[in-house]
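Please treat every number below as a calculation from the coordinates, not as lab data. None of these values were measured; they are calculated from a predicted model. For neighbour counting, all protein chains shown are included, and Cβ atoms are generated from backbone atoms with ideal geometry for every residue, glycine included.
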Amino acid sequence: MNYYPNWIQVELIKGSRTFANSCWACILVCGAIGFLVVGFSSCIGEELIPKISSKQIAFIPQGLVMCFYGIAGLFLGVYLWCTIIWNVGSGYNYFDRREGISSIFRWGFPGKNRRIQIQLLIRDIEAIGLRNQEGFFPSRILYLKVRGQRNIPLSRMGENSTPEYMEEKAAELARFLRVSIEGF
């Protein structure tokens with residue numbers, strides 16, 4: 001466990017390396033392989049998987065479409081596994097009142113811009129914002145309102161937190177930075 005002085009606050013951000021993403025990636029790859037094998041077996045006319053008959057499936061158009069879905073599913077599965085392996089979206093939010101700086105860091109996809117880092121002066125932070133959208137796909141996003149810049153999100157987009165937890169998190173950060181809270 002890390003202990004920080006009173007003037008430093010660090011919050012680690014979870015990326016795409018989650019149990020749910022791993023389960024979806026496995027399901028997607030297994031299903032895609034199944035579609036591809038059934039489509040291919042309808043092409044050659046033999047059963048490649050025992051107990052699954054592909055004799056009723058004509059290669060054109062059903063087998064061809066199944067092969068297409070299998071290839072598309074494999075591409076999506078490989079993409080999802082790559083985001084899990086690279087842990088895209090993970091990082092930290094660092095605030096240091098003594099030095100007067102804050103740093104928001106996230107890992108992106110490999111390449112020239114893999115390291116995404118924003119450094120700000122704490123005096124430029126005007127407020128902590130909380131955007132709460134209810135409905136079929138509710139989302140709660142905690143963000144920094146910075147003077148002369150766009151809002152900088154601090155929480156994950158897919159984070160499914162309760163409104164009370166996000167409000168407490170926003171209040172704690174606002175108290176620490178000594179700024180106001182917007183969006184309630």
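Tabulated results
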{"quantity": "Under 19 Å from the Cα of Lys145 - lysines, other chains or at least 8 residues apart", "calculated": "Lys169"}
{"quantity": "Anisotropy class of the stretch 93-182 from Cα gyration tensor, a/c 1.5 cut", "calculated": "oblate"}
{"quantity": "Over the chain, relative contact order from alpha-carbon pairs under 8 Å, at least 6 apart, %", "calculated": "19"}
{"quantity": "Peptides ranked, highest mean first, by Cβ atoms within 10 Å: ranges 32-45, 107-120", "calculated": "32-45, 107-120"}
{"quantity": "Per-residue [θ]222 nm for the chain (sum of -39500 (n - 2.57) over DSSP H runs n ≥ 4, rounded to 500)", "calculated": "-12000 deg cm²/dmol"}
{"quantity": "J(HN,Hα) series, the stretch 81-89, from Karplus relation 6.51 cos²θ - 1.76 cosθ + 1.60, nearest Hz, glycine and proline x", "calculated": "5, 5, 5, 6, 5, 7, 6, 4, x"}
{"quantity": "Point-charge dipole on Cβ atoms (K/R +1, D/E -1) for the chain, about Cα centre, debye to 20", "calculated": "500"}
{"quantity": "In order through the stretch 15-27: 3J(HN,Hα) via Karplus (6.51 cos²θ - 1.76 cosθ + 1.60), integer Hz, x for Gly, Pro", "calculated": "x, 8, 7, 10, 5, 5, 5, 5, 5, 5, 5, 5, 4"}
{"quantity": "Radius ratio Rg over Rh of the stretch 19-86, counting only Cα atoms, Kirkwood formula for Rh", "calculated": "1.09"}
{"quantity": "Pair Arg150, Ile60: separation of 7 Å Cα→Cβ label points (nm)", "calculated": "4.8"}
{"quantity": "Diffusion constant of the chain at 25 °C, which comes from Stokes-Einstein with the Kirkwood Cα-pair radius and 0.890 mPa s, µm²/s", "calculated": "124"}
